[in-house]
Amino acid sequence: MRPRLFGLTASVAAFGLLGSLVTACGASGSGGTTLRLVAPEYGDSPGTSSKAYWDKLTAAFTAAHPGTKIEVTLYPWADVDREVTRMVQENKAPDVALMGAYSDFAAQGRLYAADDVLSISSEANFLPPLADAGSIHYTLYGLPFVASSRLLFYNKDLFDKAGAKPPKTWSDLKDAAEALKKEGVLYPYALPLGPEEAHAEALIWEVSNGGGYTDTTGAYSIASERNTQTFRWLKDNLVTPGLTGPVPPAELNRQDAFAAFLRGDVGMVNGYPSLLHEARAKGMKVGTLTMPVSDTLSDGETPPSVGVADWMMAFKHDDNRELVGAFLDFVYEDKNLTEFAGRYHLLPSTVTATQNSQNGGTDPSTEQFLTALRSAELYPVNEPSWLKVSNTIKRNIGKAVEPTADPKAVLEDIAQQARDAAQQK
């Protein structure tokens with residue numbers, strides 16, 4: 001997931017993937033025989049581009065549905081949310097979009113509910129935490145496509161050299177980071193709070209202290225006391241002592257942190273399945289753990305892992321419901337969903353695709369991520385203001401750990417912007 005968890009931001013135009021926007025998104029929808037899909041680019045090179053997957057899938061669909069046509073436009077993850085929003089504002093919404101948020105469009109009444117377009121078996125097949133996150137007032141609008149959960153990765157060779165132990169608590173993590181620093185590790189703990197995906201790293205830490213972005217009522221609680229404690233601890237115990245590396249956390253993006261981990265320059269980083277696959281392909285010895293918890297939590301408190309999903313949504317246009325429904329049922333067939341998830345080492349979003357992946361002999365290490373996903377906390381994507389709020393978090397949350405910052409003041413400023421955004425919806 002960008003939300004994000006997922007996908008890279010390489011230039012799609014450079015790969016020759018970006019079709020004309022005039023043909024990609026007509027002003028009045030599909031007209032019943034042509035379906036227009038906008039999706040993000042998950043690859044980082046022509047060889048790993050998502051284009052190959054969509055070319056194969058759309059060819060198979062149109063062969064089974066003579067007279068239909070599927071037009072696919074791919075954007076970098078950094079652009080897709082903004083581009084789809086622009087298309088909607090210009091009354092040029094695609095028939096189907098895949099991106100990091102959906103609820104803004106649902107609140108505007110622009111989306112089909114799942115039971116308008118999916119078969120009963122397809123709608124009932126989504127993993128429960130993902131279906132919950134995709135629902136507004138118990139109606140499913142955001143169709144989870146692929147997902148991931150986050151675990152703490154650690155470089156076993158660096159840990160062995162430093163005599164460090166895999167951490168279970170924040171104080172354990174600090175001890176390990178100090179030992180790694182003494183051995184000259186460049187990033188004892190990589191803390192990517194840069195604008196690419198700061199909202200993911202921030203949520204991981206907040207949840208591990210019993211906090212999060214929302215309270216039990218679903219209202220934003222970004223400046224809660226627990227969240228404030230979290231960022232004070234990060235600033236005082238990791239950032240100020242120089243345990244997070246040479247790049248200020250507010251300037252360190254997730255992909256840069258992952259690249260440093262693959263170079264052997266990082267002792268610990270929060271990661272997801274594709275990073276584990278890449279590391280092991282390089283011959284690295286990597287351990288994975290659930291995120292260490294705050295020392296202030298009671299013994300009975302076991303925070304969930306953080307999960308992320310990417311969302312399919314179906315836009316309402318005259319005469320497009322039947323074609324959209326047929327296409328989405330095809331997309332969510334086990335073989336198609338499993339192929340995409342496997343291509344990018346992500347997790348399929350449905351019960352049967354997950355079972356088939358496990359029975360098909362996929363990487364056993366994926367099981368720990370699936371286990372974490374089944375009870376994971378996701379972003380509040382069913383809040384219509386989330387797209388705007390997440391952008392605010394990404395741009396500003398890194399300021400909370402800067403040397404002269406007051407974490408509480410930074411969080412309160414973000415919280416006020418979140419309240420303002422929520423009131424506008």
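The values are calculated or read from the model by the stated rules, or taken from the named source; none is laboratory data. What you see is a predicted model, and the numbers here were worked out from it, not measured in a lab. Note that we place each Cβ from the backbone using ideal geometry, even for glycine, and neighbour counts take in every protein chain shown. Heads up: the accessible areas ignore ligands, DNA and RNA and are worked out on the full protein's heavy atoms, side chains in. Shrake-Rupley method; radii C 1.70, N 1.55, O 1.52, S 1.80 Å.
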Would you work out the charge dipole size for the range 142-255 about its Cα centre, treating the Cβ of every Lys and Arg as +1 and the Cβ of every Asp and Glu as -1, and quote it to the nearest 20 debye? 240 debye
Sorting Asp132, Asp406, Asp329 by accessible area (1.4 Å probe), largest first, what list results? Asp132, Asp406, Asp329
What shape does the range 117-204 take by its C-alpha gyration tensor, where a ≥ b ≥ c are the square roots of the eigenvalues and a/c under 1.5 counts as rounded, a/b above b/c as prolate, and the rest as oblate? prolate
Starting from 0.36 nm per residue, how many nanometres of slack lie between Ala259 and Ala219 once their C-alpha separation is accounted for? 10.8 nm
Per-residue ³J(HN,Hα) for the range 250-256, Karplus 6.51 cos²θ - 1.76 cosθ + 1.60, θ = phi - 60°, Hz, x for Gly and Pro: 5, 10, 9, 8, 3, 5, 5
How much accessible area per residue does the chain have, in Å², with a 1.4 Å probe? 40 Å²
For Leu140, other-chain or 5+-apart residues with amide H closer than 5 Å (H placed, Pro excluded) are Ala114, Asp115
Out of Ala64, Leu276, Trp77, whose Cα points farthest toward the positive end of the dipole of the chain (charges: +1 Lys, Arg; -1 Asp, Glu; placed on Cβ)? Leu276
Size of electric dipole in the chain: Cβ of Lys, Arg +1 and of Asp, Glu -1, about Cα centre, debye, nearest 20: 660 debye
Can you tell me the relative contact order of the range 249-393? Whole percent, Cα pairs under 8 Å, sequence separation 6 or more. 26 percent
Of every hundred units of 1.4 Å-probe accessible area on the chain, the number belonging to carbon and sulfur atoms, as a percent, is 49 percent
Can you work out the Karplus-derived ³J(HN,Hα) for every residue in the range 336-345? Use 6.51 cos²θ - 1.76 cosθ + 1.60 with θ = phi - 60°, whole Hz, and x for glycine or proline. 6, 5, 5, 4, 5, 4, x, 4, 10, 6
Shape call for the range 169-305 from the C-alpha gyration tensor, a ≥ b ≥ c root eigenvalues: rounded (a/c under 1.5), prolate (a/b greater than b/c) or oblate? prolate
Charge dipole of the range 163-296 built from unit charges on the beta carbon (Lys, Arg +1; Asp, Glu -1), centred at mean Cα; most positive-end Cα among Gly218, Thr240, Gly184 is Gly184
Say the cut-off is 18 Å between C-alpha atoms; which of Lys161/Lys285; Lys235/Lys399; Lys51/Lys388; Lys168/Lys394; Lys174/Lys235; Lys156/Lys182 go over it? Lys51/Lys388; Lys168/Lys394
Return the calculated 222 nm mean residue ellipticity for the chain, to the nearest 500 deg cm²/dmol, obtained by summing -39500 (n - 2.57) across DSSP H runs with n ≥ 4 and dividing by the residue count. -12000 deg cm²/dmol
Work out, step by step, the length gained on full extension between Thr371 and Arg232: first 0.36 nm times the residue separation, then minus their alpha carbon distance; give nm to one decimal. 47.0 nm
